[in-house]
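Comments concern the structure below.
Nothing in this text is a laboratory measurement; each read-out follows from the coordinates by a stated rule. Treat the numbers as computed from the prediction; the structure is a model and nothing was measured. Cβ: placed from backbone, ideal geometry, glycine included. Neighbour counts: every protein chain shown.
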Amino acid sequence: MAFSRRVFLGAGAGVLAQAQSVAPSDRITVGMIATGSRSHELLEAIKKVDGTEIVGVCDAYTGRVQRAIERTSSRAKDYGSYERILDDPAIDAVTVGTPDHWHKQMVVEALEAGKDVYCEKPLTYTIDEGLKIAAVAEKTGRIVQVGSQSISGNLMKELREWVQSGKLGQVTMIRAAYNRNSPGGSWLYPIPPDASPETVNWEAFLGPAPAHEFDLERFFRWRCYREYSGGIATDLFVHLCTTVHFVMGAQMAAEVMAMGDIYRWTENRNVPDTLNALLRYREGFTVNLSSTFNSRADDGYQFQVLGTEGAAVVKGRDLEFYPDPGTDNNAWIVAGWPSHLEAEYYRTPAGAAELRRSSAPEEEVYTGDGPSPTVAHFQDFFSAIRNRGATVEDAWVGHYAASCAHLINAAAESGETQRWDFEKHRQA
Ligand SMILES: NC(=O)c1ccc[n+]([C@@H]2O[C@H](COP(=O)([O-])OP(=O)(O)OC[C@H]3O[C@@H](n4cnc5c(N)ncnc54)[C@H](O)[C@@H]3O)[C@@H](O)[C@H]2O)c1
């Protein structure tokens with residue numbers, strides 16, 4: 001169907017944030033715990049936020065430390081280990097960008113050392129870890145921001161506004177997916193040619209994970225292994241769950257079912273390459289999540305919020321609104337009636353309304369501008385540090401989103417529906 005497009009631009013929140021520059025003495029000093037692939041993106045985002053400075057880094061592979069220091073024009077120093085970063089009272093805040101099995105220990109130790117913490121998603125490796133982190137965050141009064149950055153972008157803020165204002169009508173279903181069809185998309189990343197026991201600190205990588213002999217595949221492709229990761233659920237669905245909770249104003253799924261398997265990428269992997277999950281929310285809607293590494297359907301990404309008045313569909317940097325007035329079209333039914341009854345039908349209010357149906361409802365397109373979601377997420381984090389205020393994705397928010405992922409894995413692994421206990425904030 002051909003739509004006319006009305007285009008709206010985002011409000012440009014970044015301009016406001018840039019304007020409030022801070023005195024150099026007020027700068028927030030940052031230590032980066034791990035400088036892996038994602039952390040290099042975090043580093044570049046932090047550099048875009050005024051009044052911050054990356055002063056220290058550490059990583060279990062030397063090549064990544066070198067590159068991170070290069071990116072700071074040699075202003076950051078190699079601290080050698082996360083413990084040394086935490087020991088330095090000159091560091092105000094840390095980022096945690098290690099594999100998932102390390103997050104809880106590092107976040108808890110950082111909070112107890114008096115640091116404010118930006119931890120990459122998923123906040124946790126198990127549900128109970130989230131309760132511990134939230135308790136320590138509350139006890140220490142430190143700031144936590146969890147790294148599902150999309151909710152800080154203007155696109156998802158606009159989507160939330162559409163949902164909360166009633167523009168979409170009653171929302172009863174959300175469909176979302178991440179699809180890929182390549183080795184890298186399936187987490188089989190290239191391994192740097194200089195990786196060896198000399199450049200890779202295997203024991204530091206393992207940390208709280210089960211003992212295992214030196215293995216570069218596990219080190220660089222840790223997402224493929226359940227010992228360090230929750231696979232698709234914690235790597236990808238956690239972003240979708242964070243966004244669902246944000247736009248719907250929902251805390252947590254009440255009930256979860258899931259099915260997954262390894263169909264294609266069978267070598268060196270013990271987590272599914274295909275996963276489907278259903279989540280039921282107390283607020284009166286369901287969520288349908290899926291991911292496959294065996295087809296890049298929907299250009300790799302789907303996020304659709306389906307309401308009785310219209311659907312919101314995220315496409316790249318656009319948020320599209322498809323009005324859905326729910327008008328009947330019973331022409332094919334009444335065409336089988338006696339002709340005079342068919343003619344009479346179109347004189348009734350319902351029939352007349354069908355004739356008045358607009359031929360082409362207007363699609364609206366909102367294009368998010370402003371800073372990248374990661375930069376905006378850091379702006380939120382650093383302004384919470386200055387004001388001792390709230391972040392958009394604090395420990396509880398991170399706990400709930402990660403817990404959805406953990407329930408999905410438990411459901412897929414057991415074949416049984418998983419339920420949430422809203423009083424204990426853990427699985428029932
Ligand atoms: N928000 C997003 O969009 C996004 C995107 C990608 C990754 N992530 C998250 O970021 C985290 C890291 O993912 P990645 O893609 O950067 O993985 P990565 O393998 O590239 O980086 C992880 C790094 O942690 C280091 N490391 C492991 N143990 C360490 C220790 N004890 N001390 C110091 N460094 C240690 C490794 O050497 C490695 O460089 C994960 O939690 C992942 O889910 C988030």
Euclidean distance between Cα centres, region 125-139 to region 281-311, Å: 29 Å
Over 27 Å between alpha carbons, listed pairs K47/K115; K104/K424; K48/K132: K48/K132
Residue farthest toward the positive end of the dipole of the chain, with Cβ of Lys/Arg at +1 and Asp/Glu at -1: which of G368, F219, G147? G368
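Just to confirm the filter: which GluC sites (Glu not before Pro) across region 275-382 are DSSP coil and have at most 16 other Cβ within 10 angstrom of their Cβ? Walk me through the numbers on the way to the answer.
Details: sites: E283, E309, E320, E342, E344, E354, E362, E363, E364; in loops: E283, E309, E362.
Those satisfying the criteria are E283, E309, E362.
Kirkwood hydrodynamic radius, region 10-151, all distinct C-alpha pairs: what's the number in Å?
Working: mean 1/r = 0.0644 Å⁻¹.
With all distinct Cα pairs of region 10-151 included, I get 15.5 Å.
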If we sort 247-257, 373-383 on the protection proxy, mean other Cβ atoms within 10 Å, highest first, what's the order? 373-383, 247-257
May I ask you to list the chymotrypsin sites (Phe, Trp or Tyr not before Pro) in region 218-284 that are in a DSSP loop and have at most 14 other Cβ atoms within 10 Å of their Cβ? Y263
Residue-span extension gain [S37 to T172] - 0.36 nm each, minus C-alpha spacing: 44.9 nm
Can you find, among A335, G56, V171, the residue farthest towards the positive end of the dipole of the chain? Put +1 on the C-beta of Lys and Arg, -1 on that of Asp and Glu. A335
Set the Förster radius R0 to 22 Å, insert the Cβ-Cβ distance between N288 and R226 as r into 1/(1 + (r/R0)^6), and round the FRET efficiency to 0.05. 0.35
Residue-span extension gain [A343 to R264] - 0.36 nm each, minus C-alpha spacing: 22.6 nm
At V365 and D215, where each label point lies 7 Å from the Cα along Cα→Cβ, what is the point-to-point distance in nanometres? 4.7 nm
Where no second cysteine Cβ lies under 4.7 Å, the cysteines concerned in the chain: C58, C119, C224
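Within the chain, which DSSP H helices have Cα atoms that stretch 30 Å or more along the helix axis and a mean Kyte-Doolittle hydropathy of at least -0.5? Mind dumping the intermediate values first?
Working: long enough: none.
TM-like helix candidates: nothing returned.
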As a Kirkwood estimate from alpha-carbon pairs, region 257-409 has a hydrodynamic radius in angstrom of 20.8 Å
Virtual spin-label span in nm between A350 and R67, 7 Å along Cα→Cβ: 6.3 nm
Round to a whole angstrom and tell me the spacing of the C-alpha centers of region 69-112 and region 365-428. 22 Å
Once the dipole of region 10-151 is set up with Lys and Arg at +1 and Asp and Glu at -1 on Cβ about the Cα centre, which of T72, A134, I28 lies farthest towards its positive end? T72
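Quick one: dipole size for the chain, taken about the Cα centre, charges +1 on Lys/Arg Cβ and -1 on Asp/Glu Cβ, in debye to the nearest 20.
The calculated dipole for the chain is roughly 460 debye.
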Taking the Cα centre of region 10-151 as origin and charging only Cβ (+1 Lys, Arg; -1 Asp, Glu), how large is the dipole, in debye to the nearest 20? 280 debye
Distribution output for the chain: share of Cα-Cα pairs per 10 Å bin in percent, first bin at 0, values 4, 19, 28, 25, 13, 5, 3, 2, 0
Percent antiparallel among DSSP beta bridges (both partners in the chain, rounded to 5): 55 percent
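Ranked highest first by average number of other Cβ atoms within 10 Å, how do 157-165, 130-138, 414-422 line up? Numbers along the way, then the final one.
Values: 157-165: 17.7, 130-138: 19.8, 414-422: 14.4.
The packing order, highest mean first, is 130-138, 157-165, 414-422.
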